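Asks: Would you mind keeping the following structure in view while I ask a few things?
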Amino acid sequence: MNQQPGKLGIREYVSIAILMVGSKATEDTPTVLFINVQNAAWMIPVLSAGIFFIPLLLLLKTISLYQGKNLFFVIQKLLGKYIGFIVCLVIFIITLVGISLDSRLYTNIIRAFYFRTTPILVLYALLMAVCAYGAKKGIQHIGSVAYLLIIYAITGLFFALGLSTQASNVNAILPIWGPGKIEILKKSSQSLSLFTDFFLLTMLIPYLSSSKDFRKGTWIAYIYVSIQISVATLFFICMLDQSLGGVGYPFHTAVRYISLGSYIPNIEILFFIVWIVSAFIRFTAFLYINALMFGHLFKIKDFEFLIPSLAAIYLLIGNIPESQIDVGLKLEHMVQAVVGPLFAAISLILWLSALLKGEFKHEKDKNNM
Amino acid sequence: MKKTKTICRILLLLVIVFSLTGCWDREELEDRSYVIGLGLDRSPYKGKIKVTMLLANPEVGSMQGGGGSTEKPREIISFDASDFIVAKVTANAIISRLISYDLLKIIVVSEELAKDPNFFHIIYGAVYDKEIRMNAYLAVSEEMASEYFLKNRPKMETRPHKYFQYMIEHGIENGLIPDSTLLRFFKTKESGTDLFLAMNTSAVRKKNPKFKGENEYYAGQVDATGEMDDTQFIGSAVFRNGVMIGKLTGQETSIVNTLDDTTNINDFLLNIPNPFPGKQKSFAARVMKRENNKVKMNLKGPGPKIFITLPLKFEIMSNPSMVDFSKKKNQEIIKKEIARHFKIEHEKMLRKVQREFKGAPFPLSYNARKYFGTIQEYKKFNWNKSYLNADIYVKADVEIVDYGRVTKKAGN
């Protein structure tokens with residue numbers, strides 16, 4: 001593949017990041033948050049963002065020492081050849097499993113609400129095929145599609161949320177502290193996995209036009225996404241109140257409820273189209289990043305050729321669990337419980353080792369010279 | 001070389017287009033039968049329910065002008081089944097098309113089944129079924145639901161989905177029936193603090209119903225004669241914890257609807273006692289609710305106090321005593337009378353429901369939540385128990401926006 005390694009602008013990068021992380025508002029995340037802290041669930045995304053801010057800041061700082069180099073390069077550079085390799089491998093495997101389960105979750109949503117009789121395998125294979133095709137096109141294509149789509153995805157989501165106020169009661173968010181302030185803080189620190197995708201996004205640094213764009217874009221997307229998930233959860237709480245704990249996918253339940261007056265009663269399909277296309281982008285980007293990791297780990301230059309086989313691996317892993325209950329409640333929970341603290345710890349370790357090695361000093365000296 | 005590549009691409013596109021039909025989930029309108037109304041009754045067999053389906057014929061009324069089919073607009077079947085989900089399949093023994101709940105508008109439950117302690121477990125299937133939308137309405141009929149759908153023969157609006165849509169929509173706007181969507185039903189049951197009102201309907205007119213004051217009817221009691229359908233939507237059935245425990249009249253329901261901020265009441269007409277001398281004992285007014293109510297509570301102490309202020313706008317629609325409303329004094333009199341009337345009626349209704357049904361008929365407990373910091377404190381307060389001892393004060397903020405066309409006394 002003789003593609004020119006294209007560069008991403010800040011707007012493409014921000015679009016990818018928002019589509020990747022922001023779509024958490026439209027799957028089962030609000031339900032999981034609600035089960036944890038009831039009606040204070042809307043605070044969790046913002047608070048977790050606040051907690052994850054520190055590791056992310058340190059990570060970005062460390063990475064900025066190495067202009068234009070990605071996360072795996074930095075890990076191997078700082079932690080040495082062997083330990084670095086193992087850490088990278090762990091990150092790769094965890095994301096592989098995480099994304100497999102995530103894509104299975106999306107397939108389940110599609111099947112539950114829209115294609116009820118199609119076999120899971122067919123839907124799943126189609127989803128993966130589309131994503132593999134997109135990922136093979138390269139990151140700049142993903143970026144442009146994401147940029148084209150982002151405005152529809154955001155307006156679609158907020159339009160649906162706005163319409164859901166037909167049936168909502170603001171008082172549902174009270175008592176304001178839910179199960180208590182300490183409980184909220186505790187659960188926030190356990191929900192770091194909401195934002196771990198930003199950790200993975202650092203793999204894309206070499207593809208950005210400048211590292212300043214990367215840092216700026218990351219913060220814009222980070223702040224926006226935490227607010228988006230929080231606001232979406234807030235609206236779902238107002239609409240569904242206690243039933244939110246029992247409704248698996250509040251976004252899809254909501255779009256099936258709302259209507260545009262009595263003449264256009266059932267409008268879920270409008271939202272479904274936007275949602276499914278943004279899901280494609282989400283997994284396409286994940287697939288690309290994962291292939292990038294694999295390529296870096298095993299020194300494969302033309303890693304784009306790995307994408308179809310990686311997609312097949314996703315498909316195989318995602319097919320192991322028998323039903324949605326296994327995916328949503330057990331396995332995903334496990335992966336998420338590991339992923340958040342682990343990635344935060346890796347960021348801290350990287351920063352510490354850079355500090356101990358005196359890399360920051362070198363940088364300063366270089367600047368002074 | 002380039003040509004083959006283009007052709008290959010076009011072929012690939014064509015293959016992708018074929019997948020758009022969805023293969024397994026291909027749905028042909030021809031091939032589907034949409035259930036608009038679902039009736040649930042108690043069955044003579046143990047552990048079963050009697051399911052009634054009202055199926056709409058999508059062909060009727062879909063064509064403008066000539067060419068429409070002469071088929072009947074609806075089909076009704078009733079049979080015993082374990083639940084209404086598997087009943088879809090059983091129904092296919094009789095109905096030629098595939099049965100779908102996708103466009104389900106109304107679930108009618110007979111009073112007998114609604115009062116069954118097991119009712120919630122039966123209706124809970126609606127949450128699990130992925131076709132049923134949470135904006136379907138729950139209604140309670142006095143007679144068997146199977147009988148209800150058979151007796152229900154609208155003269156003008158023969159297409160059932162339109163009939164129910166209009167009937168319910170306008171009933172809610174006028175405040176005579178509650179906005180009883182499944183979403184609200186399950187939400188109220190889950191929170192477990194308030195009562196839920198389902199609309200009351202009946203297709204059997206009572207023999208010699210007594211005349212009562214304005215809208216103080218239960219469904220089936222409105223004594224109307226003429227050439228019409230006997231179905232009536234008025235009043236509501238009260239549910240506590242998912243089981244029916246009683247009924248409210250049309251007027252009580254409309255009072256609840258003015259108190260409830262989450263419902264979609266628009267404006268409605270009302271008779272109010274006439275404070276001026278004259279033979280006519282009441283005058284007509286249009287009540288408009290444009291703002292949310294203000295609810296204040298004092299939850300300290302053994303008996304909580306609840307203050308509800310209703311900001312309502314009125315339009316005087318009749319003036320039987322021919323009063324000159326340009327005089328400030330008369331305006332004051334009528335305002336006072338309206339405020340007094342609303343206070344009495346609302347408090348009477350709330351006390352009755354509090355005494356008889358042991359709860360608030362609308363999500364009043366939500367307004368109490370802001371007085372607590374955490375869920376534990378709120379749970380400890382125990383709304384259900386405390387509410388029984390609560391004193392409720394209702395105040396109407398009367399604003400008269402229009403005194404009618406004629407302000408001066410005739411002849412003056």
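The values are calculated or read from the model by the stated rules, or taken from the named source; none is laboratory data. Predicted model, so just to flag it, every value in this text is computed and none were measured. Virtual Cβ from ideal backbone geometry, glycine too; neighbours counted across all protein chains shown. Side chains included, ligands, DNA and RNA excluded: accessible areas come from the protein's heavy atoms. Shrake-Rupley method; radii C 1.70, N 1.55, O 1.52, S 1.80 Å.
Asks: Among the residues of the range A:225-250, count how many are touching a helix residue (DSSP H, G or I) at 6+ places or on another chain (Cβ under 6 Å) and more than 15 Å from A:Q38 (Cα to Cα).
Replies: 5
Asks: Something else: Does A:P206 satisfy the criteria of being touching a helix residue (DSSP H, G or I) at 6+ places or on another chain (Cβ under 9 Å), open to solvent by less than 60 Å² (accessible area, probe 1.4 Å) and within 14 Å of another protein chain (Cβ to nearest Cβ)?
Replies: No; evaluated as a whole, the condition is false for this residue.
Asks: A further question on this structure: Collect the residues in the range A:143-191 that are within 14 Å of chain B (Cβ to nearest Cβ), open to solvent by less than 50 Å² (accessible area, probe 1.4 Å) and not in a helix (DSSP H, G or I), keeping them in residue-number order.
Replies: Within the range A:143-191, A:S168, A:N169, A:L174, A:P175, A:G178, A:P179, A:G180 qualify.
Asks: Exactly one of these conditions fails for A:T284: (1) open to solvent by less than 30 Å² (accessible area, probe 1.4 Å); (2) outside any helix (DSSP H, G or I); (3) not hydrophobic (A, V, I, L, M, F, W, C). Give me its number.
Replies: Against the list (1) open to solvent by less than 30 Å² (accessible area, probe 1.4 Å); (2) outside any helix (DSSP H, G or I); (3) not hydrophobic (A, V, I, L, M, F, W, C), A:T284 comes up short only on (2).
Asks: Give the residue that is farthest from A:H252 (Cα to Cα), with candidates limited to residues of the range B:151-171 that are aliphatic (A, V, I, L, M) and at pLDDT 85 or above.
Replies: Of the residues in the range B:151-171, the ones aliphatic (A, V, I, L, M) are B:156, B:167-168.
If we keep only those that are at pLDDT 85 or above as well, we get B:167-168.
Values: B:M167: 28, B:I168: 25 Å.
It comes out as B:M167.
Asks: Every residue in the range B:355-383 that is more than 14 Å from every other protein chain (Cβ to nearest Cβ), surrounded by 15 or more Cβ atoms within 10 Å (Cβ to Cβ) and out of contact with any Phe, Trp or Tyr (no Cβ under 9 Å at 6 or more places or on another chain), please.
Replies: B:F357
Asks: Same structure, new question: Out of A:T107, A:T118, A:T95, I need the residue that is within 23 Å of A:S278 (Cβ to Cβ) and out of contact with any Phe, Trp or Tyr (no Cβ under 7 Å at 6 or more places or on another chain). Which one?
Replies: A:T95
Asks: Since A:E268 meets every condition but one in (1) over 30 Å from B:H170 (Cβ atoms); (2) open to solvent by less than 40 Å² (accessible area, probe 1.4 Å); (3) of a type outside the set (S, T, Y), which condition does it not meet?
Replies: (1)
Asks: May I pose another question? Spot the failing condition for B:K210; the list is (1) at pLDDT below 75; (2) on the phi > 0 side of the Ramachandran plot, and only one is missed.
Replies: Among (1) at pLDDT below 75; (2) on the phi > 0 side of the Ramachandran plot, the lone unmet condition for B:K210 is (2).
Asks: Quick check on the range B:225-249: of everything there that is closer than 29 Å to B:M156 by Cα and of a type in the set (A, V, I, L, M), which residue is farthest from the chain's Cα centre (by Cα)?
Replies: B:M228
Asks: Take A:A285 and decide whether it is closer than 16 Å to A:L105 by Cβ and under 17 Å from the mean Cα position of the chain (by Cα).
Replies: Taking the combined requirement at face value, the residue does not satisfy it.
Asks: Let me ask you something else. Is there a residue being open to solvent by 20 Å² or more (accessible area, probe 1.4 Å) and at pLDDT 85 or above anywhere in the range A:2-10?
Replies: Yes: one or more hits.
Asks: What are the pairs with Cβ atoms under 8 angstrom where one residue, in the range B:286-297, is assigned by TED's automatic domain parsing to the domain that holds B:K370 and in contact (Cβ under 8 Å) with a residue 60 or more places away in the chain and the other, located anywhere, is among the β-branched types (V, I, T) and assigned to a strand (DSSP E or B)? Sequence gap at least six, or different chains.
Replies: If the second residue must be among the β-branched types (V, I, T) and assigned to a strand (DSSP E or B), the pairs left are B:M288/B:V401; B:V295/B:I306; B:V295/B:I308; B:V295/B:T309; B:M297/B:I306.
Asks: What pairs come up if the first residue lies in the range B:174-185 and is within 12 Å of chain A (Cβ to nearest Cβ), the second is open to solvent by 30 Å² or more (accessible area, probe 1.4 Å) and assigned to a helix (DSSP H, G or I), and their beta carbons are under 9 Å apart, counting only those six or more places apart or on different chains?
Replies: B:L182/B:V127
Asks: Now a separate question. Scan the range A:220-264 for residues that are touching a residue at least 24 places away in the same chain (Cβ under 8 Å) and at positive phi and report the count.
Replies: Residues in the range A:220-264 being touching a residue at least 24 places away in the same chain (Cβ under 8 Å) and at positive phi: 1 in total.
Asks: What is the one condition in (1) open to solvent by less than 50 Å² (accessible area, probe 1.4 Å); (2) away from every other protein chain (no Cβ under 14 Å); (3) under 23 Å from A:V145 (Cβ atoms); (4) touching a residue at least 12 places away in the same chain (Cβ under 8 Å) that A:K216 does not satisfy?
Replies: Answer for A:K216: the failing condition is (1).
Asks: Filter the range B:114-148 down to the residues that are closer than 18 Å to B:S78 by Cβ and in contact with a helix residue (DSSP H, G or I) (Cβ under 6 Å, 6 or more places away or on another chain), then identify the one that is most open to solvent (accessible area, probe 1.4 Å).
Replies: Among those residues, the one meeting the criterion is B:E142.
Asks: Please determine whether any residue of the range A:248-260 is within 14 Å of chain B (Cβ to nearest Cβ), among the charged types (D, E, K, R) and in a helix (DSSP H, G or I).
Replies: Taking every residue of the range A:248-260 in turn, at least one turns out to be within 14 Å of chain B (Cβ to nearest Cβ), among the charged types (D, E, K, R) and in a helix (DSSP H, G or I).
Asks: Hey, another quick one. Report, by residue number, each residue of the range B:161-190 that is under 20 Å from B:G246 (Cβ atoms) and open to solvent by 20 Å² or more (accessible area, probe 1.4 Å).
Replies: Scanning the range B:161-190 gives B:L176, B:D179, B:R184, B:T188, B:K189.
Asks: Within the group A:E332, A:E322, A:E359, which residue is surrounded by fewer than 20 Cβ atoms within 10 Å (Cβ to Cβ) and either at pLDDT 80 or above or in contact with a helix residue (DSSP H, G or I) (Cβ under 9 Å, 6 or more places away or on another chain) (or both)? Explain how you work it out, then say what you get.
Replies: Numbers: A:E332 fails: surrounded by fewer than 20 Cβ atoms within 10 Å (Cβ to Cβ); A:E322 fails: either at pLDDT 80 or above or in contact with a helix residue (DSSP H, G or I) (Cβ under 9 Å, 6 or more places away or on another chain) (or both).
Being surrounded by fewer than 20 Cβ atoms within 10 Å (Cβ to Cβ) and either at pLDDT 80 or above or in contact with a helix residue (DSSP H, G or I) (Cβ under 9 Å, 6 or more places away or on another chain) (or both) holds for just one of A:E332, A:E322, A:E359, which is A:E359.
So that you can scan it fast, the table gives a plain yes or no per residue for (1) closer than 23 Å to A:I220 by Cβ; (2) at pLDDT 85 or above; (3) within 14 Å of chain B (Cβ to nearest Cβ); (4) more than 17 Å from the chain's Cα centre (by Cα):
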| position | (1), (2), (3), (4) |
| --- | --- |
| A:N39 | no, no, yes, yes |
| A:L60 | yes, yes, no, yes |
| A:Q67 | yes, no, no, yes |
| A:F73 | no, no, no, yes |
| A:F85 | no, yes, no, yes |
| A:R116 | no, no, yes, yes |
| A:A125 | no, yes, yes, yes |
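Asks: Follow-up question, since we're still on this one. Cβ-Cβ below 9 Å, separation at least six or inter-chain, first residue in the range A:353-365 and within 16 Å of A:L59 (Cα to Cα), second at pLDDT below 75 and open to solvent by less than 80 Å² (accessible area, probe 1.4 Å): which pairs?
Replies: Taking only residues 6 or more apart or on different chains, the pairs are A:S353/A:E359; A:A354/A:F360.
Asks: In the set B:L150, B:L104, which member is in a helix (DSSP H, G or I), closer than 27 Å to B:E30 by Cα and in the same structural domain as B:L38 (by TED's automatic domain parsing)?
Replies: B:L150
Asks: Which members of the range B:149-160 meet the condition of being open to solvent by 60 Å² or more (accessible area, probe 1.4 Å) and touching an Asp or Glu at 6+ places or on another chain (Cβ under 9 Å)?
Replies: Step one: list which residues in the range B:149-160 are open to solvent by 60 Å² or more (accessible area, probe 1.4 Å), which gives B:150-151, B:153, B:155-156, B:158-159.
Scanning the range B:149-160 gives B:K151, B:R153, B:K155, B:M156.
Asks: When you go through B:I344, B:I333 one by one, which is the residue that is within 26 Å of the chain's Cα centre (by Cα) and open to solvent by 50 Å² or more (accessible area, probe 1.4 Å)?
Replies: B:I344
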